[in-house]
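Values in this text are rule-based calculations from the coordinates and carry no lab data. Everything numeric here is computed off the predicted structure, so don't read it as measured data. With ideal geometry, Cβ positions are generated from the backbone for all residues, glycine too; neighbour counts draw on all protein chains shown.
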Amino acid sequence: MTASAANTNMTARFDDSSVAWQTLDGFEGMVLSLCSVEPESNCVDFLVKFAPNSKVLFHRHLAATHSFVIEGAHVIYEEDGSRRETRPVGTYSITPASDDVHSEGGGPDGCVLLYSARGTGAELFEMFDGDFKSAGKMTVGDFVALSGG
């Protein structure tokens with residue numbers, strides 16, 4: 001099998017009109033849609049939709065997180081609120097579990113991205129309040145509950 005250049009003249013827009021979006025308490029400017037929750041392997045796949053110019057609460061990843069930007073721009077913010085990075089459409093990123101506290105959101109046109117959290121344990125994310133004190137953790141069980149399971 002040989003690789004060849006793709007036709008990059010095609011354009012597509014993601015139609016999310018049939019996606020079942022859910023809100024999460026405390027995550028203003030963001031909705032999510034669960035794709036897959038696998039408690040036995042501590043893996044959760046979900047779509048996230050950020051409102052334009054949004055920032056969600058500060059958090060850190062307790063699991064490796066793979067993401068793919070489907071539409072818009074995914075923006076990562078430092079603890080001081082400054083912009084760390086902007087990931088455009090088509091960006092695939094792997095973020096290891098770490099102590100890095102940050103915020104995320106959508107660029108001027110918002111953002112839709114696919115997340116795959118791959119934990120070594122049940123805890124996937126830790127959220128922080130305005131004083132950067134732990135405000136709780138999201139576990140695989142929390143995603144199971146969101147799925148109605």
**Asked** Which whole-Hz couplings ³J(HN,Hα) result when phi for each residue of region 17-27 is put into the Karplus expression 6.51 cos²θ - 1.76 cosθ + 1.60, θ = phi - 60°, listed in order with x for Gly and Pro?
**Response** 5, 9, 7, 8, 7, 10, 8, 10, 4, x, 10
**Request:** Pick out, in residue order, every one of the trypsin sites (Lys or Arg not before Pro) in region 67-149 that is DSSP loop and has at most 10 other C-beta atoms within 10 Å; say none if there are none.
**Result:** 133
**Prompt:** What net charge do the residues around residue 47 carry, taking every other residue with its C-beta under 13 Å from that of residue 47, with Lys and Arg at +1 and Asp and Glu at -1?
**Reply:** -3
**Request:** First obtain the Kirkwood hydrodynamic radius of region 22-139 from its Cα pairs, then insert it into the Stokes-Einstein equation at 4 °C and 1.567 mPa s, and state the resulting D in µm² per second as a whole number.
**Result:** 91
**Prompt:** Which residues' amide hydrogens lie under 5 Å from the amide hydrogen of residue 110, considering only partners 5 or more residues apart or on another chain, with H built in the peptide plane?
**Reply:** 53, 73
**Request:** Round to the nearest 0.05 the FRET efficiency obtained for residue 35 and residue 15 when R0 = 25 Å and r is the Cβ-Cβ distance.
**Result:** 0.95
